[in-house]
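The values are calculated or read from the model by the stated rules, or taken from the named source; none is laboratory data. Being a predicted model, the structure only gives us computed values, none of them experimental. Methodologically, a virtual Cβ is constructed for each residue, glycine included, from the backbone with ideal geometry; neighbour enumeration extends over all protein chains shown.
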Amino acid sequence: MATSLASDMGRTMRSPSRLILSLAILLCGLQPAAASKRVALVVGNSAYVHATPLANTSNDARDIAAKLQQAGFEVMLGVDLNKVAFDAKLREFSRSLESADAALLFYAGHGLQIAGRNYLVPIDAQLERERDVEFEAVSLDFVLKQMEIDRETKTNIVFLDACRNNPLSRNLARSMGTRSTSIGSGLAETIAGIGTFISYSTQPGNVALDGDGRNSPFASALLKYMRQPGKSLTSVMIDVRKDVVAATSGKQVPWDHSALTGEFFFDPTAKTTNDAELQGRVRLLENEIKLKTESANTAANAALVQLKQRVDQMSDENRRDWDRVFQLQRSTSGEANSAKIGSLYREIGQLQIGVVRRSKQREELKVEIERLEKSLGQQTKADDGSQNRGATRSLSTLETPSEFVAPGVNENKPSTIEVPETTTAAKPDVAAKTQAAAPKPGAKIARSRPLKKKPQDHIDPDWATKLFAQ
């Protein structure tokens, strides 16, 4: 019974939990950033002078720029930028950020990391010494700082398809000698500021593949999913990741770090959720949670009452059986027929076995009662007779009168039960034992005297087996 009730209650109580989770997701799903002005800097460097040229980075930049223009971005496109041209594009981009609600950087080309800091490499970069890096390359930290200055409430998105196998890193490592360990493979993970999303074409520290087609695997997937209707940036990147992993047989896994405070949609026509509609949906969910919770609590309270009633019923049955044991013990005191005495003792044993069995069941039900009370937020009350006709007493408080323990059961050391043989003429030694066990004339019959020990301490666990084996 207890197991069935617990199973029913588990199914009932799970529904509010699912609703609470739905409400949390709804509250976290803020309105998409409906930007009135979107700006993007797209750079694709292929024709490197002092490093291996890249086949498709310029194609990636041109195709991404066209897709962003379709999405309403003001695009600044730079292809094969040397250091001077790269700096000029960055200055132009930084000036447009002040009035922009959303800013995006896409870079395809060589990149490297030194001591955990990432650098974008212009086509004329010549990295022969460690000192050359700050002069010849563009620090990603500098670009992110420009995007985040005075734009805490705005959206910044960065795509880095710049983890190619870079010979400039190897040249620099050779010149740095023992300090070359600070030069890592691929790009390092960068922690984004509030409102910034950074996506890498592969996991930090790994090298991305160029691909055999017009575009790299990362750019190809990004172009495929960027403008799909109704897809947020998060959904787009999940699809991009799946495609890149499949296209590279698991060698390349796109990675991202997000500190966005709201959803972003590349599609400027994506339906936004207004405040009134959002609040209405929240209220509907709150009301549904309240109804489900009240229904679950009602069912739990009903189950609780049923369990307590059953415990009380078992207590009444135990008291009834102990009263019967009293009567049978009195009957044995004046009975001379050994067969009749044996029958009385058997009945006493059966009654005591029933008491122990019910007491064990009561303890199991009490555990379930405590669990339900905790699930309802109630404080479990002591069994002090304050509820349900005295509530329920635990097995440890159901004290067994020592005078009513069946013959042969020693409260300190259980022993075999001595039952007279069921013959028409009792043997002299059996009759003597029977008379010795009977109370003397005029002796008072002791009433229930509480013991400190539990009933199972008084009753031989093998009572029934020993009784009926004789």
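Of all residues in region 232-257, those that are more than 14 Å from Tyr200 (Cβ to Cβ) have Cβ atoms under 8 Å from Cβ atoms of residues that are in a strand (DSSP E or B), 6 or more apart or on another chain, in Ser232/Phe265; Leu233/Ile157; Leu233/Phe197; Leu233/Phe265; Thr234/Ser258. If you check Ala40, Ala61, Ala66, Ala24 for being surrounded by fewer than 15 Cβ atoms within 10 Å (Cβ to Cβ), at pLDDT 95 or above and among the hydrophobic types (A, V, I, L, M, F, W, C), only one passes: Ala66. Can you pull out every residue in region 212-265 that is of a type in the set (Asp, Glu) and touching a strand residue (DSSP E or B) at 6+ places or on another chain (Cβ under 8 Å)? Hits for region 212-265 are Asp256, Glu263. Taking region 103-118 as the range and being modelled with pLDDT under 95 and either closer than 22 Å to Gly195 by Cα or not in a strand (DSSP E or B) (or both) as the test, the residues that pass are Gly109, His110, Ala115, Gly116, Arg117, Asn118. Suppose we filter Ala188, Ala221, Ala162, Ala173 for residues that are under 35 Å from the mean Cα position of the chain (by Cα) and modelled with pLDDT under 90; which single one remains? One residue alone meets the criteria, Ala188.
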